[in-house]
Structures are given as C-alpha cells and as structure tokens.
Amino acid sequence: MKILFICGASGSGKDFLAKELLNDKEYFKDIKFNKTRQVTTRKKRNDEDIWYDFLSKEKYNEIENTLYAKTHFNGNYYGTPFKNFKKGEVNLLIVNYEGYNDFLDKFYNEEDINIKFDKETKFLLLRIENDNLLKRKDRTIETINEEKELLQKLNPEIIIKNNGIDPLNLFNIKKKIKNKLQL
C-alpha cells in the first residue's frame with residue numbers, strides 16, 4: 001500500500017490536484033489512485049460527495065477513536081476510517097499539519113497497526129505552497145498564516161509552488177509524483 005499525502009493551506013489547490021491525479025488515467029495508466037474518503041462535521045460545499053461523508057458531531061465522536069489523520073480546523077472535525085484505504089492502490093489523502101502528524105502517530109504507535117496496514121506501506125508527502133489562496137468566508141488571514149507556518153515544519157518529498165496552474169506546470173507536477181511513486 002502507498003499513501004500520497006497532499007497537504008497545503010486551505011484553498012491552496014489540494015482538491016484540484018487530487019482530481020487531476022484521479023482523472024488522468026492515461027498518464028497514470030500503471031498507477032491506480034484511490035481518493036481516500038474522509039468524514040467531516042462541516043457543512044457540504046458544492047459538489048463534494050466523492051470527497052467526504054458528512055456527519056453530525058455526535059456521530060463523529062462515536063467513531064473518533066477509529067479514525068486516522070484526525071484534525072480540527074475552523075470549528076469542524078475531520079478523519080479517515082481505515083476501511084477507506086485500499087491495498088494495492090495509491091491512497092490520496094488530503095491533510096493539514098495536524099492530520100498528517102495524527103496519522104503518523106497512530107501508524108507508529110498503535111499496537112495492531114501491522115494487522116491493518118502491511119509492513120511495506122510507503123508514504124509520500126507533497127506540500128502545496130500558494131500565495132494566491134482561494135478566498136472563503138470561513139477563513140481569516142490569521143488562520144491562513146498559522147496553517148502556512150505549521151506546514152513549513154513538514155519535510156515533504158515534493159514541494160509544489162502553485163501560483164496558478166498552467167498545463168506545462170501541471171504536467172511537471174504529475175511527472176514528479178509519478179517518478180516518486182515508482183521508486
């Protein structure tokens with residue numbers, strides 16, 4: 001199993017990149033991606049049915065101890081059930097700093113982890129840096145700057161400077177990811 005963590009500040013282009021990887025079946029013909037569905041307590045935005053299962057805070061609290069990559073952001077909770085990871089595929093997991101560290105902490109410290117994940121599980125961390133973040137009502141400059149500061153603490157294998165995606169830039173990003181995944 002492989003897990004590709006895509007991290008970046010809110011509005012940096014994480015979902016866009018994940019969709020590009022999932023949809024470019026011709027370029028990634030030897031790689032099968034799984035968009036690892038997460039659960040969240042936030043309200044649904046636009047067309048997100050393939051990305052999240054939306055739960056009440058009560059339901060989230062009932063299953064919280066079984067989740068991976070848990071995080072709290074902007075008053076909402078997120079996490080990933082183990083059943084949503086697929087062996088033999090590259091699992092795309094969109095995370096922030098807290099979610100990435102929660103995953104690693106649980107992965108390396110849980111007693112039955114090798115029953116769930118195999119010992120050959122590989123991780124690839126990709127960080128998107130973007131000075132032109134999407135504007136949303138639910139964010140302030142302070143929360144964005146806090147996110148960016150935390151993300152700088154991570155040591156990703158791939159850093160993407162995303163200040164507008166053009167086709168050549170997108171191809172080069174996909175090429176970097178494909179090369180790293182085939183190692």
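The values are calculated or read from the model by the stated rules, or taken from the named source; none is laboratory data. Model, not experiment: these values are computed from the prediction. So basically every Cβ, Gly included, is an ideal-geometry build from the backbone, and we count neighbours across all protein chains shown.
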Could you list, ordered by first residue, the pairs with Cβ atoms under 6 Å in which the first is in region 152-169 and of a type outside the set (Val, Ile, Thr) and surrounded by 14 or more Cβ atoms within 10 Å (Cβ to Cβ) and the second is assigned to a loop (DSSP other than H, G, I, E, B) and modelled with pLDDT under 80, at least 6 apart or interchain? Asn162/Asn130
Residues that are small (Gly, Ala, Ser) and either at pLDDT below 95 or surrounded by 11 or more Cβ atoms within 10 Å (Cβ to Cβ) (or both): find the strands (runs of 3 or more DSSP E) completely inside region 20-118 holding 3 or more of those. none
Scanning region 1-19 for residues that are of a type in the set (D, E, K, R) and part of a helix (DSSP H, G or I), the one surrounded by the fewest Cβ atoms within 10 Å (Cβ to Cβ) turns out to be Lys19
